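Let me begin by presenting the structure, written as structure tokens, before commenting on it.
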Amino acid sequence: MISITVLVENTARGPGILGEHGLAWWIDTGAHRVLFDTGQGMALTPNAARLGVDLARADAIVLSHGHFDHVGGLEAALGAAPRAPVFLHPRAVETKFTGADPATARRISIPDVEAERFRGASRRVVATRHPSEVVPGVWATGEIPRANDFEDTGGPFFLDAALTRPDPLLDDQALYLPTPAGAIVILGCAHAGVVNTLTHIAQLTGGAPVRALFGGLHLENASPRRMEETVRALRAYSPRQMGFCHCTGLAAIRRLWAEFPENSVQLAAGRRLEFGN
């Protein structure tokens, strides 16, 4: 049995569960456990305790990209699981900013990650652009090729406070679990684009069907063309289950639920999804 628990999300369901702008997933394959992202850091530990998730049992920690709402809880996660290897793209440690005006630019990376304080003599760190099997049966995509002309990073992201160096967010990656019924795909923010992500995973899996798709799609500022192409691609991949959350945007979530009412599930911190192997 594969169990996927939403530990951190913008919204929350259940007694004592906290919501925060961020995302963290707990993936349990029955034999191994993976923490995918860590939220901002305020909700991870209390939500894990409430949900009966023992972070100390993490066999690996994977970062989808270097934004604060995905890596802010890394220090707490490493404190709980000091021997868990950390998987990330090499560019996840870059200093990152967002904004439309340098006078109000906002830093959205965190010093601990920029300084790579997650490194230690006894900890394995895998900083790679390539696909990696983080534990048996759970893969990180590595760097996702930007193969189409309608998806972008989803916002005004930069590598400097002067907002002169656009951040292509090449550090963006997703997780996927190949199963006999198809791949279960888990997204952080899909800054590479969900269609690019699914195209890449299809190439990595030899064209395996998509069994399920969960996570943030960063469609809040999507153009009409991008929305149409995204709907078209999701209809072609036809996941049996889809859950859209975090950075997807309310209008985009409403559109996707309307397009795929039988396949859509609500995601919030506290939600647990289960799949037979």
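So here's what we get for this one:
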read-out	value
Anisotropy class of the chain from Cα gyration tensor, a/c 1.5 cut	rounded
Simple Cβ-charge dipole of region 218-277, Lys/Arg +1 and Asp/Glu -1, about Cα centre, in debye nearest 20	20
Extension gain from ARG83 to PHE150, taking 0.36 nm per residue of separation minus the Cα-Cα distance	20.0 nm
Summed side-chain charge close to ALA127 - residues other than ALA127 whose Cβ falls under 11 Å, Lys, Arg +1, Asp, Glu -1	+2
Most fluctuating residue given options ALA147, ALA103, ALA77, as computed from a GNM of the chain linking Cα atoms under 10 Å	ALA103
Choice from ASN196, ASN148, ASN47 with maximal GNM fluctuation in the chain (Cα, 10 Å cutoff)	ASN148
Neighbourhood charge, 10 Å Cβ-Cβ cut-off, centred on ALA269 and excluding it, Lys, Arg +1 and Asp, Glu -1	+1
Accessible area per residue in Å² at 1.4 Å probe, computed on the chain	41
Rel. contact order, % - alpha carbon contacts under 8 angstrom, at least six apart, the chain	19
Residues ARG13 and VAL231, FRET efficiency given R0 of 41 Å [Cβ-Cβ distance, rounded to 0.05]	0.95
Region 57-85 residues near the modelled GLU114 label - backbone nitrogen below 13 Å, point 7 Å along Cα→Cβ	67-68
ALA268 paired with SER223, simple spin-label distance in nm, labels 7 Å along Cα-to-beta-carbon	3.5
FRET efficiency, 1/(1 + (r/R0)^6) with R0 30 Å, evaluated for ALA258 and ALA103 via beta carbons	0.15
Whole-angstrom gap from region 244-277 to region 17-65, using each part's C-alpha centre	19
Cβ-placed point charges (K, R +1; D, E -1), dipole of the chain about Cα centre in debye, nearest 20	440
Net charge contributed by nearby residues that have their C-beta within less than 9 Å of LEU23 (K/R +1, D/E -1)	-3
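The values are calculated or read from the model by the stated rules, or taken from the named source; none is laboratory data. Please read all numbers here as calculations on a predicted model, not as lab measurements. Please note: Cβ atoms are built from the backbone with ideal geometry, for glycine as well, and neighbour counts cover all protein chains shown. Side chains included, ligands, DNA and RNA excluded: accessible areas come from the protein's heavy atoms. Shrake-Rupley method; radii C 1.70, N 1.55, O 1.52, S 1.80 Å.
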